[in-house]
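*Asks:* Can you read through this structure? Questions will come right after.
The values are calculated or read from the model by the stated rules, or taken from the named source; none is laboratory data. None of these values were measured; they are calculated from a predicted model. All Cβ positions, glycine included, derive from the backbone under ideal geometry; neighbour counts span all protein chains shown.
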Amino acid sequence: MLIPIGTDAPIYHLPVMTVGLIALNTALFFLVGHPQEWMLSIGNGWHPLQWVTSAFLHANIYHLIGNMFFLWAYGLVVEGKIGSWRFLLTYLVMAISGGFAAQTLFGFGGSDGQIRYALGASGAISGLMAIALLWAPENTFTVVAAYKYGPFASASDHELGILDFSLWFIGWDLFIAAINRFPLSTPVLHLLGVIVGFAVGVTFLQFRWVDCEKHDLFTRWSGTSGRPLQQLASIWKTTTHKRKKSSVKSRQPRYKVVLLNDADHEVEPSRKPKPRQTADAP
């Protein structure tokens with residue numbers, strides 16, 4: 001089990017809302033539990049209030065603790081760059097968008113007619129994960145790797161890149177969802193959150209609502225500063241130019257035929273072959 005506990009990403013704002021969200025999730029878990037009417041019901045249409053309430057409920061203590069560690073780590077990165085109120089708005093937008101997407105994609109015309117329920121902050125946290133890998137791909141997390149096998153248990157801390165750490169979890173969700181043909185499941189709900197997070201992260205960069213000090217993914221990838229859409233266009237143009245140049249080179253003949261003048265065939269006197277000596281018949 002990998003548990004992120006800190007980051008070396010620059011923090012320009014105290015994580016006030018991150019701590020507040022952790023406190024709220026914890027309080028609701030112990031005071032309210034997870035009432036069914038607050039969960040995200042999927043299979044019977046839209047229920048807008050559930051888009052918010054379901055993101056603050058957890059099934060058990062392990063579900064809560066795991067999500068709160070990830071909320072802490074990714075909250076440090078995102079809130080540290082944009083401040084408390086914009087972070088709270090971003091978090092709510094991702095939670096609401098994820099709930100809306102789930103009920104829209106899976107909430108109408110179900111083949112079996114069953115109603116399923118989803119809960120947890122992991123959808124919104126997956127959105128924060130996508131934003132963090134866009135804004136701070138070169139920074140790292142301090143991650144505790146905890147293992148337990150029977151009576152044996154161990155834990156050690158490691159420094160893992162935010163980009164690698166995030167892509168590992170996103171890739172795993174994508175793999176599990178793909179081999180099962182993308183049914184309604186936890187990995188698919190996480191991926192919906194990732195999609196919303198990418199859209200939010202790119203929007204902030206495009207309108208320059210966040211300053212990543214030229215360390216965002218698009219700037220590091222393209223090697224130029226600017227807005228993401230222009231950077232992507234520059235990358236596309238460069239890649240296309242390289243392909244055309246490579247194609248032209250591949251069509252050129254491998255061997256050159258050089259026509260030599262007669263003078264080029266002359267042999268220096270000192271190197272001329274000696275005439276063959278023939279003996280006269282007796």
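*Asks:* Can you tell me which of T142, T219 is among the hydroxyl-bearing types (S, T, Y) and not in a helix (DSSP H, G or I)?
*Replies:* T142
*Asks:* Within the stretch 107-114, does at least one residue satisfy the condition of being of a type in the set (D, E, K, R) and either out of contact with any helix residue (DSSP H, G or I) (no Cβ under 9 Å at 6 or more places or on another chain) or surrounded by 21 or more Cβ atoms within 10 Å (Cβ to Cβ) (or both)? Break it down into steps so the answer makes sense when it comes.
*Replies:* If we filter the stretch 107-114 for residues that are of a type in the set (D, E, K, R), which is where we start, we get 112.
Next, only the ones that are either out of contact with any helix residue (DSSP H, G or I) (no Cβ under 9 Å at 6 or more places or on another chain) or surrounded by 21 or more Cβ atoms within 10 Å (Cβ to Cβ) (or both) stay: 112.
Scanning the stretch 107-114 turns up at least one residue that is of a type in the set (D, E, K, R) and either out of contact with any helix residue (DSSP H, G or I) (no Cβ under 9 Å at 6 or more places or on another chain) or surrounded by 21 or more Cβ atoms within 10 Å (Cβ to Cβ) (or both).
*Asks:* Find the helices (runs of 4 or more DSSP H) located wholly in the stretch 1-114 whose residues include 1 or more that are more than 30 Å from A146 (Cβ to Cβ), and list them.
*Replies:* Qualifying helices (runs of 4 or more DSSP H): 48-53, 61-82, 84-106.
*Asks:* Return the residues of the stretch 16-27 that are crowded, with 18+ Cβ neighbours inside 10 Å and either without any contact (Cβ under 8 Å) to a residue 60 or more places away in the chain or under 23 Å from Y62 (Cβ atoms) (or both); say none if nothing qualifies.
*Replies:* Answer for the stretch 16-27, where residues must be crowded, with 18+ Cβ neighbours inside 10 Å and either without any contact (Cβ under 8 Å) to a residue 60 or more places away in the chain or under 23 Å from Y62 (Cβ atoms) (or both): T18, L21, I22, N25.
*Asks:* Before we move on, is G43 farther than 26 Å from S166 by Cα, assigned by TED's automatic domain parsing to the domain that holds D173 and either basic (K, R) or surrounded by fewer than 23 Cβ atoms within 10 Å (Cβ to Cβ) (or both)?
*Replies:* Yes.
*Asks:* Still on this structure, I have one more. With respect to L167, is the statement that it is closer than 30 Å to P228 by Cα and surrounded by 13 or more Cβ atoms within 10 Å (Cβ to Cβ) true?
*Replies:* It is true that L167 is closer than 30 Å to P228 by Cα and surrounded by 13 or more Cβ atoms within 10 Å (Cβ to Cβ).
*Asks:* Residue check: is H58 at pLDDT below 95, over 16 Å from V188 (Cβ atoms) and crowded, with 17+ Cβ neighbours inside 10 Å?
*Replies:* Spelling it out, it is not the case that H58 is at pLDDT below 95, over 16 Å from V188 (Cβ atoms) and crowded, with 17+ Cβ neighbours inside 10 Å.
*Asks:* Residues in the stretch 80-98: is at least one touching a residue at least 40 places away in the same chain (Cβ under 8 Å) and more than 30 Å from E138 (Cα to Cα)?
*Replies:* Quick first cut of the stretch 80-98, residues touching a residue at least 40 places away in the same chain (Cβ under 8 Å) only: 80-88, 90-98.
Now restrict to residues that are more than 30 Å from E138 (Cα to Cα): none.
No, because not a single residue in the stretch 80-98 is touching a residue at least 40 places away in the same chain (Cβ under 8 Å) and more than 30 Å from E138 (Cα to Cα).
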